[in-house]
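Please read the structure below before turning to the comments.
Any read-out appearing in this document is the output of simple, stated calculations on the displayed coordinates, not a laboratory observation. Please read these numbers as outputs of a predicted model, since none were measured by experiment. Glycine gets a Cβ as well: all are built from the backbone with ideal geometry, and neighbour counts include every protein chain shown.
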Amino acid sequence: MTDRRTALKTLGIAGAGWMIHPQLKAETPKAADTFRFCLNTSTISGQNLGMEKNIEVAARAGYEGIELWIRDILAYLENGKSTNQLKKHLSDAGLTFENAIGFAPWMVDEDEKRKAGFVQMKEEMELLAALGCKRVAAPAAGVTGTLDLFEAGGRYRDLLQLGRETGVMPQLEFWGAFPYFHHLGQALMVAAVSDDADARILADVYHLYRGNSGFEGLKMLQGKSVEIFHMNDYVMDIPREKQEDKDRVYPGDGAAPLQQILTDLKNMGGEKVLSLELFNRDYWKLDALEVAKTGLDKMRGAVALVTPST
């Protein structure tokens, strides 16, 4: 298998490739003007359908957008496909490439690792720009010890500048089970220290619960400070500290205060992309289209409780 750089060199290669029939295009009306619906492909990753079929499933289920994982994009390119082909698949499906998930170690303390992380971020941002994606997740991947949030804020400011240069803006993400960067309060401080109008926070129902952030802190965020929000839910029969990604369930099937969360997101102002992100192994045993449709129906049902009927 070729390495990352070799895969990235395929940016200019064109090809015919697989096409989605026009009738499969997503043509879902918006839920008022606040929310758009998106599928994170982790939700159906256990079915091992491949990039093209994942896109088809998202379109057929009725989503407006999609979140792809950079590792899956690189695998697609390493298998001889091109960015032109992938971009055409997305266009034919009528899907907006809303955000990408990656793990470049841009926040770490070690100078050489951080430098390499920024190089990796730049390469991945350029790849995403070629695909028409304008956002990328920016978690604290690779951090292994106590994190100085002032230092992290400066690093995030540098990353935002790189985002402006490439046209792909980093969304600051925290993981609830990650000991070094797990709380909304930490993300708020890093964003504030960056002192940058383009700072954005990528939050998640599960991570807010798992990291013990709670949900009231969302009221402190306004306007465009949140553009992408990961939708899922959690159950109460597993202790919070022992919950894992695989324990996530469909929105509305758990104990999360979804009506409060969505009301707070709506009250922030600006458009919010609600992206279904699950890793549930039981769902992975089911038909992917059924899972995608069920998740979308659950999100629509939750949104209907906080948006006026039209």
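In table form, for the structure just shown:
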{"quantity": "Radius 12 Å from Cβ of residue 211, net charge of other residues (Lys, Arg +1; Asp, Glu -1)", "calculated": "-1"}
{"quantity": "Listed pairs 266/298; 242/285; 115/246; 88/246; 219/285; 242/266 exceeding 26 Å between Cα atoms", "calculated": "115/246; 88/246; 219/285; 242/266"}
{"quantity": "Rounded if a/c under 1.5, otherwise prolate or oblate - region 154-310, Cα gyration tensor axes", "calculated": "prolate"}
{"quantity": "Point-charge dipole on Cβ atoms (K/R +1, D/E -1) for the chain, about Cα centre, debye to 20", "calculated": "580"}
{"quantity": "Value of D in µm² per second that Stokes-Einstein yields for region 254-310, Kirkwood Rh from Cα pairs, at 25 °C (0.890 mPa s)", "calculated": "190"}
{"quantity": "Anisotropy class of region 87-189 from Cα gyration tensor, a/c 1.5 cut", "calculated": "prolate"}
{"quantity": "Ranking of 147, 127, 160 by count of other Cβ atoms within 10 Å, fewest first", "calculated": "147, 160, 127"}
{"quantity": "Gaussian network model of the chain, springs between alpha carbon atoms under 10 Å - residue of 151, 173, 56 with greatest fluctuation", "calculated": "151"}
{"quantity": "Dipole of region 21-304, positive end: most advanced residue of 280, 201, 38 [Cβ charges, Cα centre]", "calculated": "38"}
{"quantity": "Shape box of region 21-304 [Cα atoms, principal axes, largest first, Å]", "calculated": "50, 45, 34"}
{"quantity": "Least to most buried among 189, 268, 125 (fewest other Cβ within 10 Å first)", "calculated": "189, 268, 125"}
{"quantity": "Of 105, 239, 139, the one that fluctuates the most in a GNM where the chain has Cα springs shorter than 10 Å", "calculated": "239"}
{"quantity": "Kirkwood Rh in Å, taken over all unlike Cα pairs in region 216-276", "calculated": "12.6"}
